[in-house]
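Bear in mind these aren't lab numbers, they're just calculated from the coordinates by the rules spelled out. Everything numeric here is computed off the predicted structure, so don't read it as measured data. Backbone-built Cβ (ideal geometry, glycine too); neighbour counts: all protein chains shown.
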Amino acid sequence: MAILDRLPTTDRLQRMGLSVDGSCCLCADGQESRDHIFSACPYSKLVWQAMLDHCGFHRASLEWEAELAWLSANLRGKKMRVIVCKIFWCSFVYHIWEERNYRRFRDKKRDCNTLIHSIKETVNIRIQSIGHL
C-alpha cells in the first residue's frame, strides 16, 4: 500500500473531498503525505537513519523514491544481511504508519527511541521465526 501510494494519508483524503487536518501528526511541521511521513518528516528520518546505521549502511536517508531505488539496487540476493535489511525496511514502514495512527486516533505518542526499540524487537522476532522454518 505504501509503495503504491494507497495509504489514506490526509493529502489523499483531501483530494477525495474530505475535510481533514492535513498537518503531519508525527512532527506537526508539514503536510501529511506518503513521501512526507516516510522520508521527509524529521521523526521518521531519525528512525530510518537508526535502522540504516544498525544495518551497517552509514549514509544519509533519502527521499521516498530515491530510497526505494537505492533499496532495490542494493538489497539483492538471499544473504542473511540482505534479508535482515529488507525486514527492517518493512518493519520501519509498518511501525511509522502504526505510530501515525496511534497519534491521530488514540492521542498516544512514542518517542523515536521507543519506536526504534520496537522495530528492532519486531525484526528479531521475525528473524528467529525464519530460523525455525
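Values computed for the structure shown
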read-out: Near pairs, Cβ below 8 angstrom, 6+ apart or cross-chain, from region 16-28 (β-branched (Val, Ile, Thr)) to any residue that is outside any loop (DSSP other than H, G, I, E, B); value: Val20/Thr10; Val20/Leu13; Val20/Gln14
read-out: Among (1) surrounded by 18 or more Cβ atoms within 10 Å (Cβ to Cβ); (2) without any contact (Cβ under 8 Å) to a residue 40 or more places away in the chain; (3) out of contact with any Phe, Trp or Tyr (no Cβ under 8 Å at 6 or more places or on another chain) - the single one Trp64 does not satisfy; value: (3)
read-out: Close pairs (8 angstrom Cβ cut-off, 6 or more residues apart or separate chains): free of Cβ contacts under 8 Å to residues at least 60 places away in the same chain and closer than 16 Å to Val47 by Cβ in region 106-128, among the hydrophobic types (A, V, I, L, M, F, W, C) and surrounded by 15 or more Cβ atoms within 10 Å (Cβ to Cβ) anywhere; value: Val123/Val84; Val123/Ile87; Val123/Phe88
read-out: Filter pass, Ile116 being more than 18 Å from Met1 (Cβ to Cβ) and surrounded by 13 or more Cβ atoms within 10 Å (Cβ to Cβ); value: yes
read-out: When residues of region 21-48 are limited to those that are hydrophobic (A, V, I, L, M, F, W, C) and farther than 13 Å from Arg100 by Cβ, the one nearest to the chain's Cα centre (by Cα); value: Trp48
read-out: Search result, residues across region 24-48 that are outside any loop (DSSP other than H, G, I, E, B) and closer than 16 Å to Tyr94 by Cα; value: Arg34, Asp35, His36, Ile37, Phe38, Ser39, Tyr43, Ser44, Lys45, Leu46, Val47, Trp48
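One line per residue, one yes/no per condition, for (1) within 18 Å of Lys109 (Cβ to Cβ); (2) surrounded by 14 or more Cβ atoms within 10 Å (Cβ to Cβ); (3) of a type in the set (Val, Ile, Thr):
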residue: Met1; (1), (2), (3): no, no, no
residue: Arg15; (1), (2), (3): no, no, no
residue: Cys27; (1), (2), (3): yes, yes, no
residue: Ser33; (1), (2), (3): no, yes, no
residue: His36; (1), (2), (3): yes, yes, no
residue: Leu46; (1), (2), (3): yes, yes, no
residue: Met51; (1), (2), (3): no, yes, no
